[in-house]
Each structure stands twice: as structure tokens, then as C-alpha cells.
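The values are calculated or read from the model by the stated rules, or taken from the named source; none is laboratory data. On a predicted model such as this, the values are computed, not experimentally measured, just so you know. Ideal geometry is used to build each Cβ from the backbone, glycine not excepted, and the neighbour counts take in all protein chains shown. Accessible surface is based on the protein model in full, side chains and every heavy atom, while ligands, DNA and RNA are left aside. Shrake-Rupley method; radii C 1.70, N 1.55, O 1.52, S 1.80 Å.
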Amino acid sequence: MLLLLAGLLTFVVGCAPESRADRLEPAALAPRPPAVGGPRYGGHLRVGHSLEPTSLDAILGRSGADAYFWRQIFDQLVDADPQLNPRPETSLATSWEIATDPDSITFHLREGVVFHDGTPFNAHAVKTNIERILDPETVATPRASLAVIEGVQVIDEYTVRFDLARPWGAGFGMLADRGGVMSSPAAIEALGPDYGWNPSGTGPFRVKEVITGTLVHFVRNEDYWGRDEHGNQLPYLDEVTIRVIRDETVRAAALRTGEIDVTYLPYKDVSTFERDERVRIETMPGGGIALTLVFNVDKPPLDDVNVRLAIAHAVDPTVINRAIFFDRAIEADAGMWPVGSWVHEPDGERPTYDVDKARQYLERAGLESGLEFTAVTHHNPLLVSSAEVVRAMLKKIGIHMDIDVLSSGPATERFNHGQEYPMFITSWSRYPEPDWMASLAYKSDGYYNPGNVLRPDVDELVELGASLYDNDARKQVYIELNRTVLGEAWFTPLLYGVTFAAAPGRVRNLDQLMGWDGKMNFATIWLEE
């Protein structure tokens, strides 16, 4: 079988040499004190975050904020560096080969890795995880982006092959996110619906305690396979607690008084902390979409493209940035791939603030006398305040918009699946792999496509963009997708976010806190005494 497979392979990528950890004898991998002056083991990192997780089961969570929690628990089949290049040394797959006739990817897996429940990570575990995502009954969030996988074949204990419907250039980016998270099949079967709050991954931390809506407490995974660049076992920290502190003023005060060690700064407090020499700040421009209008193109009265474009032209992001975001955000100049994404490309034809144009579009819709609808947003002070400004701006062109404010999970679920609202005023996480956005939000069967309107032209572009292995060619496809999405006002991003992560000087390796998606990862963070 291996000889036959080798004959089918047409080219190879990602065949990185074994990592240093792979070459070390087991005795050399035992925890040991790092070199003098190097990282220190121990300590309890206390983190403040604005949102609670919708689930700790990465594939069932519905919010981008979930990643702050599940990234501590799980490893991905293929990890990525900050530029979204596959990184075998931190992946569960150490190398892979791509074949094109027929299309497939064969992964060679890291040996000696165990899940938190003590069961082994192997090819059968990969097969179970991928098939779980592809099962429609699971209702997994990343299903649409992995639908190109027609089957998963176990070649041997540590080799697994994905049989594909077509080439999959987006595959490595998608497997670096929710789609590539590896859970313990034994724990999933044993816990059933309870798995979501007692997950078992192979990541640097285990879940010790969950208090719903309040905190998640993690403890060090003593069996973690990961090593730093010097061969020291990761993680350095003994414990991490992520507290949910919704009030941004309270969160900033908690950092100032030492009640927490790390948090993202509210825009209004950045200037104050920049003057505080005790605090270090790491910045990521384009760390997400700070504010976007999302339309259900199949729900009246916003099923008329003219009405959606009227709204898109009636909202002035400059005013919102100044009034709500303290001019710290970046006005959107393209689509849902923000500054910092390799596919970001400014678009001079996207809807911009122009009240006269807004009124013209209402006239085209035959609604010059106005209309009414209810939008939804979630419990985030920036979003609630922004929604109120949007309401005032729409009132100027005769549109009356009511606002429902819900928690993040219910707002997302009721908009995307409940078909209850024609518009969602929300933020969006950073997803450098463009197919995440395209497959999940633009494709007809995407989870975040609330109308699920059949658009073969869009579906064809999404599949083409995901299939190409050349990034320059892929970017041209996504520019064309943007023209449709922006031109028909499916999404109207208004502000790109800038992420400010702050911590006192004793929190070390802060420059390694944010990964390629801007989410926090504590595997290499350590604390001075």
C-alpha cells in the first residue's frame, strides 16, 4: 500500500525534518530547570477577558472568543506561524505529502503524544475527529470548510490520508483552526453532551474547573510533548485562570491593581497605560473586525439589495471611530479580510458614507418614506454604543431601527440559525486563512450565512479560492468575492480592530502571546518571581 501511495504522489510540501524533540531520548525530555537567566517554571497567570466561551469543544463553539479558551487545551493537526505558514514543529503532523491524481493529502503523525485522559493520539483519532466534523448531525461549526474531504483512510498507526474531492490549497490554514483541533475520541464517547465543558485534548493545559459565565481554570499538562527552542518542556506556568470580566472599566482597573496579570486593553484606556512604565503593551493592527454590519439577504425588509446599500451608505464610520473607539480603530477600506491579512486589498468601490446615495437607494427600493426593522447585537459596550449611533444615523434617512441586545451565543445563534433578525451589528475575529470566512459566511451552506441563499456563482468562487495552491492566484479570487459581498451588501465592515495586549513587566514572552489569529496562547508565557 505504501509503495502504491508513493507512486501516486506528485509533489511534496511540509516535509520538515524531525523537530529536536523528536530526536531526543525520553529521559532527556523530562522536565528540568531551564538555564540560569532563562524562563522560570511555576506560577499562576490570571487573565481577564470580556466574553465567556459558548463551548470548550472547539468544533461546537459558535463564537470567535471561544479560541481564547480552547487554544490552551488543544493542539491542531497542522499549526501555523504568525504569517500562516504551516509549522510542523508545533503541529501534531510532523510532515505531509500532497497528491493530485487523485487529490489527497497524507499526514505523518507525531508519535508518543497522549490526550489528557491518557489515551493515545494516532491515526484513528484523526479519522474520528474529521468524521465527527463532517457528520451533519454534529452541526460542527467548521463543517463547510472541511467538506472537500471525501474520506479519511488510516494507513498505519501514525499515517493517515485525506481523500479529497478537489485540490485543497486552503487546507493547511483551515487545519490550523477549529477544523484541525484533535479531541480524545474516548472522552467524546464517554461524556457525550457533557464533553463540551470537560474536554480532553493534547494541549499544554488541562481544564481543572469551569464556572459558567465566570471563569475557566487550567492546570499544567505534565505530559505535554511541546518544547521550547532550547528543548525545555512547555508550558512554564503551573496554572492559568481566565476570568470573564465583561465591564471594560472593571477589567482595566483589575490590571492596574494587580488583580489580573494580562488583558486586552479597552480603547479608552490605551493612552493611560501607554504612560505607565510598569506595563508593557503588544499591538496587533487588524486584530479583528471591530465593527461590521451583517445582513440576512433573505429576510425582509433587507432582502432588497437597494435597502442594504442605503444602510451601508448612511453609516459614517469616522464618527463612530471618534466617538466610541477613541480613534484607535482603523476605518475599513476593503472587505472582511482586514489589515494584516495576506489577502487584504483596499477596494475603492466599496460602499462609503454618502447620505445622498443612501436616499437614492431607498428611492430605488420604493421606500423613500422609510421603513422599520429590528437589529440584534450582543452585550459588548462598544457594540451597544455603536448600534445606538447607527440607529441615529439611519433615522436621518427615515429608517427606524430597534435594537435587541443579547449574550454573544444567543445573538449569534438566533441571527444565523433562528432567522429572527435581518441585521446583526457585531465584531468578527481575525481569520488570516481567507477560506474560513468564505466557506462559513459566503457559501450557501455556511454556518454564518444566515440566509443560506443558493448562489452557485458565489459557491463556485469559494471552492476555487480554497482549491488553489498558489496564493497570488487565490488572492485574485478573494478580491472578486469581495466585490460581490460588498457590492450586494452581505457584509459591510466599518472598522478594523487594533488589539492592545497589556501586562506588567514580570509577565515574560508577551511578544509570543498573540498567535496568527490574534488570540492568546499561554504555552510560552512565564512569570518572574
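Remark: the range 336-482 carries 42 Å² of accessible area per residue (probe radius 1.4 Å; ligands, DNA and RNA excluded).
Computed extension gain for residue 388 through residue 419, at 0.36 nm per residue and net of the alpha carbon distance, reaches 8.9 nm.
Extending 7 Å from the Cα toward the beta-carbon at both residue 81 and residue 396 defines two label points whose distance is 4.7 nm. Phi angles across the range 289-303 convert, under the Karplus curve 6.51 cos²θ - 1.76 cosθ + 1.60 with θ = phi - 60°, into 3J(HN,Hα) values of 9, 6, 7, 8, 9, 10, 10, 8, 6, 10, 10, x, x, 9, 6 Hz, Gly and Pro given as x. Residues in the range 179-212 near a label at residue 222, defined as backbone nitrogen under 18 Å from the 7 Å Cα→Cβ point? Under cut-off, by backbone N: 201-209.
Using equal-weight Cα scatterers in the Debye expression, the normalised intensity of the chain in log10 at q = 0.07 Å⁻¹ is -0.39.
Set the bar at 27 Å for Cα to Cα. Now go through 475/519; 443/475; 299/475 and name every pair that lies beyond it.
299/475
Solvent exposure of the range 242-291 amounts to 45 Å² per residue of accessible area, where only protein heavy atoms count and the probe is 1.4 Å. Taking every protein chain into account, the 1.4 Å probe leaves residue 514 with about 30 Å² of accessible area, to the nearest ten. Across the range 413-529, the convex hull enclosing all Cα atoms gives 150 Å³ per residue.
Eigen-decomposition of the gyration tensor built on the alpha-carbon atoms of the range 446-500 gives equivalent ellipsoid semi-axes of 20, 18, 11 angstrom, largest listed first. For the chain, adding -39500 (n - 2.57) for each run of n ≥ 4 DSSP H residues and dividing by the number of residues yields -7500 deg cm²/dmol at 222 nm.
Mean separation of Cα pairs under 8 Å and 6 or more residues apart, divided by the residue count, gives the range 364-501 a relative contact order of 17 percent. Normalising by residue count, the range 138-185 has a Cα convex hull of 100 Å³ per residue.
Under a 5 Å amide H cut-off, with hydrogens placed 1.01 Å from N, residue 343 pairs with nothing among residues at least 5 apart or on other chains. The charge dipole of the chain, taken about its Cα centre with unit charges on the Cβ of Lys, Arg, Asp and Glu (plus for the first two, minus for the last two), comes to roughly 1220 debye. Here residue 463 sits with roughly 70 square angstrom of accessible surface, probe radius 1.4 Å. Simple spin-label estimate for residue 529 and residue 506 gives 1.2 nm between the two label positions (7 Å along the Cα-to-Cβ direction from each Cα). Protein-only accessible surface at a 1.4 angstrom probe places the residues 90, 263 in the order 90, 263, largest first.
Surface composition of the chain: carbon and sulfur make up 49 percent of the accessible area, probe 1.4 Å.
Per-residue accessible area (protein heavy atoms, 1.4 Å probe) orders 506, 359 as 359, 506, starting from the largest. With the convex hull drawn around the C-alpha atoms of the range 339-481, the volume per residue stands at 136 Å³. In this simple spin-label approximation, residue 257 and residue 124 carry label points 7 Å from Cα along the Cα→Cβ vector, and these lie 5.3 nm apart. Counting only alpha carbon atoms, the long axis of helix 123-134 and the longest principal axis of the chain meet at about 10°. Stokes-Einstein, applied to the Kirkwood radius of the range 120-258 over Cα pairs at a viscosity of 0.890 mPa s and 25 °C, places its translational diffusion at 139 µm² s⁻¹.
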